[in-house]
1. What residues qualify as long-range amide H neighbours of GLY231, i.e. H under 5 Å apart, gap of 5 or more or another chain, H built at 1.01 Å from N?
2. Could you work out how far helix 108-118 tilts from the main Cα principal axis of the chain, as a 0 to 90 degree angle to the nearest 10?
3. What list of ³J(HN,Hα) values in whole Hz, one per residue of the stretch 298-304 in order, does the Karplus curve 6.51 cos²θ - 1.76 cosθ + 1.60 (θ = phi - 60°) give from phi, with Gly and Pro shown as x?
4. Based on alpha-carbon atoms only, what is the radius of gyration of the stretch 272-440 relative to the globular estimate 2.2 N^0.38 Å?
5. Could you work out which residue, out of PRO147, PRO287, PRO386, moves most in a Gaussian network model of the chain, that is, has the largest mean-square fluctuation with Cα springs under 10 Å?
6. Averaged per residue, what accessible area in Å² does the chain show with a 1.4 Å probe, protein chains only?
7. Per DSSP helix of 4 or more residues, -39500 (n - 2.57); summed, then divided by the residues of the chain. What does that give at 222 nm, rounded to the nearest 500?
8. Can you give me the long-range amide H partners of VAL209? Hydrogens built in the peptide plane at 1.01 Å from N, cutoff under 5 Å, separation of 5 or more residues or another chain.
Amino acid sequence: MAVLQSMTPIKTTERDVLLRVDGVSRVYGRGERSFTAVENINLSVHVGEFVALLGPSGCGKSTLLRMITGLIAPTQGSIYYRNQPVRGVNPYSTMVFQSFALYPWLTVLDNVALALEARGVPRDQREEKAIHLIDMVGLDGFERAYPRELSGGMRQKVGIARALAIEPELLCLDEPFSALDVLSAEALRGEVMELWQGGKLPIKAILMVSHNIEEAISMADRVVVMGKEPGHIAAEYVVNIPHPRNRKTPGFESLIDRIYAAIAGHPTADPATMKTKQGELPTRILPQASVEAMAGLLEFLNMGQNRRDIYKLDDELGLEMETLVEIIEMCEMLGFVKVTSGDVELTTLGQIFAEATILTRKEIFANRARRLPMMQWIMEMLRATPDGVLPWRVFYTALKPDLPDEMATRQIDIAIDWGRYAELIDYDDRDEALKLEEHRAGVGA
Ligand code: ADP
Ligand code: MG
């Protein structure tokens, strides 16, 4: 079924382009503490389009939206709205946040009317317009209620009504449903789609940030997948499934798989490859997952069907998708699983590990872990010293030019965690130093 065309160019004329993000990067902070949140983003949104931005937390989705709405400026590149460069707040766009800050001392009506006032709507027209907007988002009868009397979903609707009050052409939604319970979120998604497709709004396009793949596919015409470190656009998918979309259809499911493959299969293949100038540093960073979590996943896979759909696993295991992705990456890196088009499959080695005794597990793990560039690099550095000991600082200083601060620290922590289990390296809290296990064993003998 041809529901998906990866990287299909959308057939539109220049005239249809509402928003154009052109080679945009954003760096936070300055000098040594500076941090690149997104790098070289190119993206267009056309009239009539609903685009979803999907990606793990920290990949710069909110940063990108903030630049698009003009709340912050790009460090590099430009943003054009209807071919005009955006300078300062873009008056044609508006943003709905995850949890909308309503004024608790104002009624629903006054909260919306206030936005109209800010837009310069005359006093005598505000009430009527506000009532109309409240009606549109399905809150009629609640005009005189206070925010505290409303459920989360209803409050979010007030937020949407308030955003609509400025009659934006480009509606930007930043994870608008993620603070809601499952049912309210589902209901509100339906209402947003109705509003959008009903065509009664002045809205020309919607740009929605999400970290929920199903949500993105069920609503958007195009899903733009972002990766991190630094934030970048990794892939784009056109969703050619007619509305209302049914998650159970093969087209929907296969698209979920394709997108998961893009995120989980090798999301980090590229970004996780550190740019090494001298070729001295390890080339692939370690995913943030523990040996316990890894063993747990391998055991789970070994118990049931050997091959599992990644996107169903998070619920089954009660894990956050992001956490699961890291664990899978760890398993894959060590050769315990294979990831293909949204599925994860136990390898023979993975199965052996899952069924092995504690000691054998340690041995298998050590054998694989010692081949990882990061572990090799650490062990080589330690071997080069007379006593196999080096202060933590040394590794940190070496990694820092290539990684943001916290990531350098995290990488060492992960290496220590894995290294301890594998009995390859150890860490001494008192002198904050890493030690080579083989060396210590040698000396002791
Ligand atoms: P997302 O919305 O995808 O979770 P964000 O755009 O919020 O990502 O953040 C991207 C990265 O930029 C994160 O690592 C975050 O810590 C960093 N960041 C966001 N805002 C700031 C800021 N004002 N100052 C410094 N770093 C920031
Ligand atoms: Mg965000």
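The values are calculated or read from the model by the stated rules, or taken from the named source; none is laboratory data. As the structure is a prediction and not an experimental result, all values here were calculated from the model. Ligands, DNA and RNA are stripped out before the accessible areas are found, and what is left, the full protein with its side chains, is counted by its heavy atoms. Shrake-Rupley method; radii C 1.70, N 1.55, O 1.52, S 1.80 Å.
1. Counting only residues 5 or more places away or on other chains, the set is VAL38, GLU39.
2. 80
3. 3J(HN,Hα) across the stretch 298-304, in whole Hz: 5, 5, 4, 5, 6, 6, x.
4. 1.07
5. Highest fluctuation among the options: PRO386.
6. It amounts to 48 Å² per residue over the chain.
7. The helix-only estimate for the chain comes to -12500 deg cm²/dmol at 222 nm.
8. LEU53, LEU173, ASP174, GLU175
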